[in-house]
Amino acid sequence: MAEGPVCCDLAAGCVEERVENVRWALARLPLASDAEAVHDVRVALRRLRAAWSGFAKCLAAEAKRRRRLRRGERELGALRDAEVRLGLLDEVLGPVAVWADRSDDPRILGGPGGAVVLDRSSRLRPGLRGLEMEARRTLADSTSAQIDQHRRVGLTEGALERFQLLASPVVLTPGHPGSALAPILAQEQLPRLFRRAGRQGSAEVDLHRRRIQIRKLRYRLELFAPVLGRGHQSVLQELRQVQSLLGRFHDLTVLAAWIEGSSQELSHELRPALRRLSVRVGLEQQVAREAAETELTRLDEAGWWSLARAACLG
């Protein structure tokens, strides 16, 4: 590791940079057309919270600030979850098409007539996906309504002002003996984070835990990057890849659970179609899990976590 700057010098630069990132992300938040604004705000808040945690010895009122940052992330959580869900619905189940028939309705399969009258003037012909599209459209409409509601409730003028307060200027602890070198902080904090991220487990809850720990480790490595060994860049690249795989599996798991819960709110005739859609989501979820587990197994069996720690800390 390089000898590097003292704690407070590095803290001032890192926190100031992350505060500026929060401000820019917040400026995009009121724009409903910016699909990534909410995501970028939450990431910026997490990175800023990691800086306050990593340099707690040099920053004034750090515990109170961290609690406010975490609260800001949570306030945007429901909105971001709904946005992710809408995107996954399009990606996994395809965009919503406009259908004028419900020919897979069991009530009309035996012949013409029934409760639904087809539009004979339309060019659309009876197919096998009428009810599936109606169920799919219902899911999309429900999610869009939730996004609209979360934006109206969570992005009021008062809420935006509250978010802006999270990006107030950094305050260093006056008179703090900040002569401690930043590498000392890295040596104190990073080994623990490496151990937590490397804890193995095959249950769904274990994968979720590892995703969170890997994210924390990645943000802390980025924080101490100026004093780490040259190998930290390749370590960060690997962590990004694993985090992405685990994140996709988590998003699909949440989507599958939401579809299952939504089935109780749909009309009875749409539930068989919804079950067919659930099978498709389940297959995608299984593929995502296998991809994440394969990558984690490769790293675990190669002893990558110890090697990565040595590459960063020397």
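Bear in mind these aren't lab numbers, they're just calculated from the coordinates by the rules spelled out. A quick note: this is a predicted structure, and the numbers were derived from the prediction, not measured. Quick reminder, even Gly has a Cβ in these numbers, built from the backbone with ideal geometry, and neighbours come from all protein chains shown.
Global size of segment 172-314: 20.2, 70 Å for Rg and Dmax (C-alpha atoms, Rg to one decimal, Dmax whole). Would you tally the net charge around S244, using a Cβ to Cβ cut-off of less than 12 Å, leaving S244 out, and scoring K and R as +1, D and E as -1? Overall, the nearby charge balance is +2. Sorting K64, K216 from the fewest to the most surrounding beta carbons within 10 angstrom yields K64, K216.
Ordered by the count of other Cβ atoms within 10 Å of each Cβ, fewest first, W24, W52 give W24, W52. Put a dot 7 Å past the Cα of E91, heading toward its Cβ, do the same for E204, and the two dots end up 1.9 nm apart. Per-residue extension of 0.36 nm, minus the Cα-Cα distance of S33 and E20, leaves a gain of 2.5 nm for this segment.
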